[in-house]
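The values are calculated or read from the model by the stated rules, or taken from the named source; none is laboratory data. Bear in mind that the values here come from a model prediction, so they are computed numbers and not experimental data. Positions of Cβ are generated from backbone atoms using ideal geometry, with glycine treated the same way; all protein chains shown enter the neighbour counts.
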Amino acid sequence: MDISNYLYLSAILFTIGAIGVVVRRNAIVVFMCVELMLNAANLAFVTFSRINGNLDGQVASFFTMVVAACEVVVGLAIIVTMYRSRRSASVDDASLLKR
Amino acid sequence: MTSSHLVYLIALPLFSSAFLILMGRKADKWGHIFATLISAAVFGVGVSEFMAMHSRAGDMRAVTQHLFSWISVGTFQVDASLLLDQLSICFVLLISGVGTLIHIYSIAYMSHDKDRRRFFAYLNFFIAAMLLLVLGDSYLNLYVGWEGVGLASYLLIGFWNQKPTYATAAKKAFVANRVGDVGLSLAIMIAFAQFGSVTFDGVKAGVHGASPAALTALGAMLLLAAAGKSAQFPLQSWLGDAMAGPTPVSALIHAATMVTAGVYLITRSNFIFDGSSTARLLVVIVGGITLLFGALIGTAKDDIKKALAASTMSQIGYMILASGLGPVGYAIAIMHLLTHGFFKAGMFLGAGSVMHGMDDEVNMRRYGAIGKVMPITFATFGLGYLAIIGVPPFAGFYSKDKIIEIAFNAGGTKGIILGGATLLGAAITAFYMTRLMVMTFAGSKRWDDKAHPHESPVLMWLPMVVLAIGSVATGFLFNSGNSLVNWLAPVLNPNNVESGSELMKPIVVSSLALLAVILGVALAVTKYRTVPVEAPEDVSIFTKVARRDLLQDAFNETVLMRPGQILTAGLVKTDYFAIDGLVRLIGAVVSGTSTFLRRIQNGYVRSYALIMVIGALALIATIWVVTL
């Protein structure tokens, strides 16, 4: 199988994630879309690692996973706190910085 | 020689002035007496210095006093030093002597003014500044005094500044003087650039090797300064309006002393003018124009003080003209200055006395027959009158006759023109002074029944009597054995230059002058036998022009003021539209752009995310395009 197909898949996943971040209001969904983008990136890393025949990409994807895990902890905490305080998980409701 | 007493001449009145101002209303009761005593003390110091100087030999007479080192920059050294020589002592005695008399006069004249103390403080300040002017040993020290008297003049012209016209008159005098002061400061700069020194001695030492062009420029700038301070053409217009000040001020500052500072400046700078015939010619031209200019204005004025002011302008024109005639003229100019100081101050005080008796009426058409009710004023004024028109043996005869004589002797066409101008001036002087006398003291009474003219108190007529004695005696005193000329010779005419070829014998000149005077007097007496109370309107164009001061104000307004206003209006518009416009444009662009950019900051996380996506895409697209 042609290895570049993995890259196409990665690009498609990234695009879906990006569109999801932009169009969805629910913070949880937006968050999941961000994860999707990160994983698309991971897939690209691993694929490039395979193409180049070394482990650099694999190591980079581990780093990404670690950072993503931390991000999930903090991000979910924020979303939960937000939901508690305003009974909504919509990102459009959280526009206080402008006002 | 050095002396340690010179500083008192300046320090005493300066201290008194500051003291009276700082004491405030507490000093109201005795301030005027204090100031008068100080002025008398200054006169005393002056007399003792004169006695000491007189007893010394001719070349030992000048004394100096070093006060402190003022400016010390590299090789440029200016000391605050005083110099009292044969020329300065004349001025010291005139300023402190006439000044003291006018202080005494003012005690009575200003007795109803609640600001009399302030008035005396200013008078003392004037004395201090004027003495610094004549005692400074360098142009820079002179400049300090020069500005000081300008300030005193401004303060005293505008003493009754609750009247807007008086305040404007003060401002006018100040501005006209500034123009002249530019000349003096430029002269100081030229002197420093050329000779590296601003002391009289330093400049005198450098003159011999200097280029004629530099000396001419220096002389012209000094002349400009003199024209500003001495109300000479073309800066003469302020003097008439300066009569807004109280009459003692007009007598002291605008007749006897300050306005003659220009003559002092020129005679003091004799070494410069000796080196440049062009500069001397300029001086003579300015003096000649002014002496006729002032005399013509004098013929048409109905305001007694303005007529006297025009006369002052004219007489200073005589002095300037004489000082422009070179070594033979300097001492004569000073002689006329001193005699003029006496008789003109005396006449101004007389005018003040008349005004005092007539409820401050200045219009001579409302006077008439005052000689009967104010005999002392009439007598003292009359003596001053005889002195100014040059009737022998009064003071003006000696000094003015000498000027006419040396003007004729100037040589060639120049001599004829100058002599003719001075002779014509003498005739016009006789005419307008007779007119003034006739309108004020003779004829029938034209004043209202409300006015009760009466003789002034003794404090007022005593100074007038002293000055009248001066107007009788000084001419004879200065002229007997050429005493003043010889006295001043070490300073003004060290090489003993004799007058050039005589065009006419002195006796012929005197006769001609006397003839001119008689003509002028006769014409005035016949013309002003009856004086209408209202000034006649159906007069020739010449009279109308002379009434408007020969259009000097109209000229200044159209040629200087209006273009100046247009220029400033243009500059204001340029500033508003071009400079401010640019600034405002930048501001508008920035604020317009930010209004547009602000819309991006809408607070929605999703739109920020979209912008990031777009940005990332744009970045990738750019990289792709570049690497393609």
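Looking only at the range A:19-69, how many residues end up being in contact with a Ser or Thr (Cβ under 7 Å, 6 or more places away or on another chain), under 20 Å from A:Leu7 (Cβ atoms) and in contact (Cβ under 8 Å) with a residue 12 or more places away in the chain?
Qualifying residue count, the range A:19-69: 11.
Given the conditions (1) out of contact with any strand residue (DSSP E or B) (no Cβ under 8 Å at 6 or more places or on another chain); (2) more than 19 Å from B:Gln232 (Cβ to Cβ), which single one is not true for B:Met364?
Going through (1) out of contact with any strand residue (DSSP E or B) (no Cβ under 8 Å at 6 or more places or on another chain); (2) more than 19 Å from B:Gln232 (Cβ to Cβ) one by one, B:Met364 breaks only (1).
Residues that are over 22 Å from the mean Cα position of the chain (by Cα), hydroxyl-bearing (Ser, Thr, Tyr) and within 20 Å of B:Gly346 (Cα to Cα), at least 1 per element: which helices (runs of 4 or more DSSP H) completely within the range B:60-157 meet that?
Once the helices (runs of 4 or more DSSP H) in the range B:60-157 are filtered for at least 1 residues that are over 22 Å from the mean Cα position of the chain (by Cα), hydroxyl-bearing (Ser, Thr, Tyr) and within 20 Å of B:Gly346 (Cα to Cα), what remains is B:86-109.
Quick check on B:Asp549: is it of a type in the set (Asp, Glu), out of contact with any Leu (no Cβ under 6 Å at 6 or more places or on another chain) and surrounded by 12 or more Cβ atoms within 10 Å (Cβ to Cβ)?
When the stated conditions are applied, B:Asp549 passes them.
Going residue by residue through the range B:322-331, is there one that turns out to be more than 30 Å from B:Lys402 (Cβ to Cβ) and in contact with a Pro (Cβ under 9 Å, 6 or more places away or on another chain)?
Scanning the range B:322-331 turns up no residue that is more than 30 Å from B:Lys402 (Cβ to Cβ) and in contact with a Pro (Cβ under 9 Å, 6 or more places away or on another chain).
Of a type in the set (S, T, N, Q) and surrounded by 10 or more Cβ atoms within 10 Å (Cβ to Cβ) - does that describe any residue in the range B:561-570? Let's see the steps before the verdict.
From the range B:561-570, those of a type in the set (S, T, N, Q) are B:565, B:568; that's our starting set.
When the remaining residues are screened for being surrounded by 10 or more Cβ atoms within 10 Å (Cβ to Cβ), the result is B:565, B:568.
Scanning the range B:561-570 turns up at least one residue that is of a type in the set (S, T, N, Q) and surrounded by 10 or more Cβ atoms within 10 Å (Cβ to Cβ).
Go through (1) of a type outside the set (A, V, I, L, M, F, W, C); (2) modelled with pLDDT of 90 or more; (3) exposed (fewer than 15 other Cβ atoms within 10 Å of the Cβ) for A:Ser85 and report which single condition fails.
(2)
Looking only at the range B:594-628, count every residue that is surrounded by 10 or more Cβ atoms within 10 Å (Cβ to Cβ), more than 10 Å from chain A (Cβ to nearest Cβ) and polar (S, T, N, Q) and tell me the total.
The qualifying residues number 1.
Could you pull out the residue among B:Leu519, B:Leu597 that is within 41 Å of the chain's Cα centre (by Cα) and among the aliphatic types (A, V, I, L, M)? If you could, list the steps in order and put the result at the bottom.
Working: B:Leu597 fails: within 41 Å of the chain's Cα centre (by Cα).
Result of the check over B:Leu519, B:Leu597: B:Leu519.
Please specify each residue of the range A:78-95 satisfying the condition of being part of a loop (DSSP other than H, G, I, E, B) and within 10 Å of chain B (Cβ to nearest Cβ). Give the steps one after another, and end with the answer.
Narrowing the range A:78-95 to residues part of a loop (DSSP other than H, G, I, E, B): A:87-89, A:94-95.
Once the filter is applied, which keeps residues that are part of a loop (DSSP other than H, G, I, E, B) and within 10 Å of chain B (Cβ to nearest Cβ), the range A:78-95 yields A:Ala94, A:Ser95.
Any chance you could count how many residues in the range B:505-544 are part of a helix (DSSP H, G or I) and touching a residue at least 24 places away in the same chain (Cβ under 8 Å)?
First, pick out the residues of the range B:505-544 that are part of a helix (DSSP H, G or I): B:506-527, B:541-544.
Going one step further and asking which of them are touching a residue at least 24 places away in the same chain (Cβ under 8 Å), we end up with B:506, B:509-510, B:512-514, B:516-521, B:523-525, B:527, B:543.
Going through the range B:505-544 one residue at a time, the tally reaches 17.
Mind listing just one residue for me: the one in the range A:1-15 that is surrounded by 14 or more Cβ atoms within 10 Å (Cβ to Cβ) and of a type outside the set (Ser, Thr, Tyr) and, of those, nearest to the other protein chains (Cβ to nearest Cβ)?
Residue satisfying both the conditions and the ranking: A:Phe14.
Report whether or not B:His54 is surrounded by fewer than 19 Cβ atoms within 10 Å (Cβ to Cβ) and touching a residue at least 40 places away in the same chain (Cβ under 8 Å).
No.
For the range A:14-35, give me each residue that is under 16 Å from B:Ala616 (Cβ atoms) and of a type outside the set (Val, Ile, Thr). Step through it out loud before you land on a result.
Residues of the range A:14-35 under 16 Å from B:Ala616 (Cβ atoms): A:14-22, A:33-34.
Matches in the range A:14-35: A:Phe14, A:Gly17, A:Ala18, A:Gly20, A:Cys33.
Go over the candidates B:Leu83, B:Leu123, B:Leu87 one by one and state the one that is surrounded by 20 or more Cβ atoms within 10 Å (Cβ to Cβ), of a type outside the set (Asp, Glu) and touching a strand residue (DSSP E or B) at 6+ places or on another chain (Cβ under 6 Å).
Just one listed residue meets the conditions, B:Leu83.
Quick one: is B:Thr568 assigned by TED's automatic domain parsing to the domain that holds B:Ala307, polar (S, T, N, Q) and part of a helix (DSSP H, G or I)?
Taking the combined requirement at face value, the residue does not satisfy it.
Evaluate the range B:285-299: report whether one residue or more is more than 24 Å from B:Ile406 (Cβ to Cβ), touching a Phe, Trp or Tyr at 6+ places or on another chain (Cβ under 8 Å) and not small (Gly, Ala, Ser).
Yes: one or more hits.
Identify all residues within the range A:16-25 that are more than 10 Å from chain B (Cβ to nearest Cβ) and either on the phi > 0 side of the Ramachandran plot or surrounded by fewer than 15 Cβ atoms within 10 Å (Cβ to Cβ) (or both); write none if there are none.
A:Ile16
Mind checking whether some residue in the range B:467-483 is in a helix (DSSP H, G or I), surrounded by 20 or more Cβ atoms within 10 Å (Cβ to Cβ) and modelled with pLDDT of 90 or more?
yes
Give me a count of the residues in the range B:273-292 that are crowded, with 24+ Cβ neighbours inside 10 Å and more than 14 Å from B:Lys414 (Cβ to Cβ).
The total comes to 5.
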